[in-house]
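Peer 1: Below are the structure tokens for one structure; questions will follow.
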Amino acid sequence: MLTIAAPLVEKEEIKAVNDVLSSGMLAQGPKVAELEEKWARYCGTKYALAVNSGTAAIHAALFAAGVNEGDEVITTPFSFIATINPILMLGAKPVLVDIDENSFNIDAGLIEKAITKKTKAIIPVHLYGQPADMTEINKLAKKYKLAVIEDACQAIGAEYKNKKAGNLGDLGCFSLYATKNIMCGEGGMVTTNSKSHADAIRRFRQHGMDAQYQYRHLGFNYRMSDLHAAIAIEQLKKVDKFNKKRQDNAKIFNKKLDRTDKITLPKVSAGRSHVFHQYTIRVDKSSKLDSGLLAKKLREKDIIAGIYYPKPLHYFDHIAKYGYKKGSFPVAEKVASEVLSLPVHPKITSKDADYISKSIKEILDGF
Ligand SMILES: *Cc1c(COP(=O)(O)O)cnc(C)c1O
């Protein structure tokens, strides 16, 4: 069975966890500090702060950026729900902007129209592992004095004009959830070059504390444990190797599925690298086939494909209530009905990638 995701745990991760277990220091401690230092160095930022999920990372980043009740935050309707929920957790309003159908990322050309006096921040999501149009987004942010918070949860190691994701805005957010390009089960990181942002995040993950039992503001328990950090340190050593394997698998799909009828392959825009958290094709619905049926047929061949994401986020009640409905974001709506992600992770061998390509061609020939 070729699954859509599989954590790659090797002897190094197991040893690292055992060492922490034997050390007696299990909560946030030296391993978290080591991870933060190495993560910052990898991304090229001054600071990296560990938290216990990507959702917590986005929540903490928005807090550090000063997002408050009644503020507006601009983002995309085509993402995982954890991009938007932290905006709501701060009592702010998500202002959604449609996407570009070639990159699946926020359409930077539509952002300016969405900016109001209440706008505080923009969250571009580097969806599937490809950076958003950061030059354009940063230009607008500068003009209107907005914070840029990258949702880089799917994009560790991706580059934009030779800079790493996480170092392309004011704050960068990562997830170490089990299915991500590198993982520790559950975990998150925030990167920044700002000391005051870093300090705010350190407090926010620890009940708002700035000295023992002194609570400067609201905070949570968003700390990462040393057990998780130990796994993440080992995974970070392998990130380039893992991403290269994903890119090699993507190359096989690009080659073998090129000019195949009824599907569109993912495109990589100029000036950036794609780390293929997902390799996502679009299935043309003008034939009798659609993404759901292709997924079903692939499953009969022991290939598990995934639909990320079957519904744009403005379809859900707790987001629709901000004034969105079907038709609000036509590109995101169309794309959501067409996407299908193929297994591309490092446990997929080049032979597997050949088999997946061949299987798709066979299925498409029947339609
Ligand atoms: C995984 C993910 C998140 C949330 O990360 P968790 O660690 O699951 O909380 C947020 N945004 C995107 C785009 C993600 O893929």
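The values are calculated or read from the model by the stated rules, or taken from the named source; none is laboratory data. In this text, all values refer to a predicted model and were calculated from it rather than measured experimentally. Reconstructed Cβ throughout: ideal geometry from the backbone, glycine too, with neighbour counts over all protein chains shown. In case anyone asks, the SASA skips ligands and DNA or RNA and just uses the protein heavy atoms, side chains included. Shrake-Rupley method; radii C 1.70, N 1.55, O 1.52, S 1.80 Å.
Peer 1: In a Debye calculation with equal point scatterers on the alpha-carbon sites of the range 62-112 and no solvent, what is log10 I(q)/I(0) at q = 0.12, 0.15, 0.17, 0.26 Å⁻¹?
Peer 2: -0.27, -0.42, -0.52, -0.98
Peer 1: Relative contact order of the range 51-161: what whole-number percent is it, with Cα pairs under 8 angstrom and at least 6 residues apart?
Peer 2: Relative contact order comes out at 26 percent.
Peer 1: Kirkwood Rh and Cα-based Rg: tell me the resulting Rg over Rh for the chain, rounded to two decimals.
Peer 2: When Rh is taken as the Kirkwood radius, the ratio is 0.98.
Peer 1: Would you calculate a helix-derived [θ] at 222 nm for the chain, using -39,500 (n - 2.57) for each DSSP H run of n ≥ 4 and dividing by the full residue count, to the nearest 500?
Peer 2: My calculation for the chain gives -10500 deg cm²/dmol from helical runs alone.
Peer 1: Starting from the Cα of LYS351, draw a straight line to each of the aspartates and glutamates and keep only those under 19 Å, dropping any in the same chain fewer than 8 residues away.
Peer 2: Cα-Cα hits under 19 Å: ASP248, ASP258, GLU300, ASP302, GLU362.
Peer 1: Rounded to a whole number of µm²/s, how large is the Stokes-Einstein D of the range 202-257 at 25 °C and 0.890 mPa s, given Rh as the Kirkwood radius over C-alpha pairs?
Peer 2: Roughly 169 µm²/s, to the nearest whole number.
Peer 1: If you don't mind, there's one more thing I want to ask. Could you report the chain's accessible area per residue, 1.4 Å probe, as an integer in Å²?
Peer 2: Ligands and nucleic acids excluded, the figure is 43 Å² per residue.
Peer 1: Heavy atoms only, probe 1.4 Å: what % of the accessible area of the range 239-367 goes to carbon and sulfur, would you let me know?
Peer 2: Roughly 52 percent, rounded to a whole number.
Peer 1: Counting only protein heavy atoms, what percent of the accessible surface of the range 141-194 is carbon or sulfur at a 1.4 Å probe?
Peer 2: On the range 141-194, the fraction of accessible area on carbon and sulfur atoms equals 47 percent.
Peer 1: Suppose R0 equals 25 Å; then what is the FRET efficiency for ASP240 and LYS325 from their Cβ-Cβ distance, rounded to the nearest 0.05?
Peer 2: Between ASP240 and LYS325 the formula returns 0.05.
Peer 1: Taking the Cα centre of the range 130-244 as the origin, how large is its charge dipole in debye, to the nearest 20, when only Lys and Arg (+1) and Asp and Glu (-1) carry charge on their Cβ atoms?
Peer 2: For the range 130-244, the charge dipole is close to 280 debye.
Peer 1: Moving on to the next point. Of all accessible surface on the range 1-136 at a 1.4 Å probe, what whole percent is carbon and sulfur?
Peer 2: Whole-percent figure for carbon plus sulfur exposure: 55.
Peer 1: Which whole-number percentage describes the relative contact order of the chain, with Cα contacts under 8 Å and a sequence gap of 6 or more?
Peer 2: 22
Peer 1: Taking one equal scatterer on every alpha-carbon of the range 92-196, how large is log10 of I(q)/I(0) by Debye at q = 0.09, 0.14, 0.16 1/Å?
Peer 2: Summing over Cα pairs of the range 92-196 leads to -0.22, -0.53, -0.70.
Peer 1: State whether the range 1-80 is rounded, prolate or oblate according to the following rule on the C-alpha gyration tensor (a ≥ b ≥ c being the square roots of its eigenvalues): a/c under 1.5 gives rounded; otherwise a/b larger than b/c gives prolate, and the remaining case gives oblate.
Peer 2: Verdict is oblate for the range 1-80.
Peer 1: Show which aspartates and glutamates lie in cross-link reach of LYS241 when reach means a straight Cα distance below 17 angstrom and same-chain residues fewer than eight apart are skipped.
Peer 2: Qualifying aspartates and glutamates at Cα under 17 Å: GLU10, GLU12, GLU13, GLU159.
Peer 1: How do 162-170, 275-283, 231-239, 146-154 rank on mean C-beta neighbours within 10 Å, highest first?
Peer 2: So the peptides 162-170, 275-283, 231-239, 146-154, ranked by packing, come out 146-154, 275-283, 162-170, 231-239.
Peer 1: Under 20 Å between alpha carbons, and skipping anything fewer than 8 positions from LYS117 in its own chain: which lysines qualify?
Peer 2: Of all the lysines, those that pass the test against LYS117 - Cα under 20 Å, at least 8 places apart if same chain - are LYS93, LYS139, LYS142, LYS143, LYS145.
Peer 1: If you build the Cα gyration tensor of the range 1-144 and take the root of 5 times each eigenvalue, what three semi-axes come out, in whole angstrom, biggest first?
Peer 2: 34, 19, 15
Peer 1: From largest to smallest, what semi-axes in whole angstrom does the range 216-367 give when each is the square root of 5 times an eigenvalue of its alpha carbon gyration tensor?
Peer 2: Values for the range 216-367, descending: 30, 26, 14 Å.
Peer 1: Another one. Give the peptides 214-221, 329-336 in descending order of average Cβ contacts within 10 Å, highest first.
Peer 2: Descending mean neighbour count gives 329-336, 214-221.
Peer 1: Can you give the Rg and Dmax of the range 160-242 based on its C-alpha atoms, in angstrom?
Peer 2: 14.6, 44
Peer 1: Pull up all non-local amide H partners of ALA147: gap of 5 or more, or a different chain, and H-to-H distance under 5 Å with H placed in the peptide plane.
Peer 2: It is ALA121, ILE122, by chain and number.
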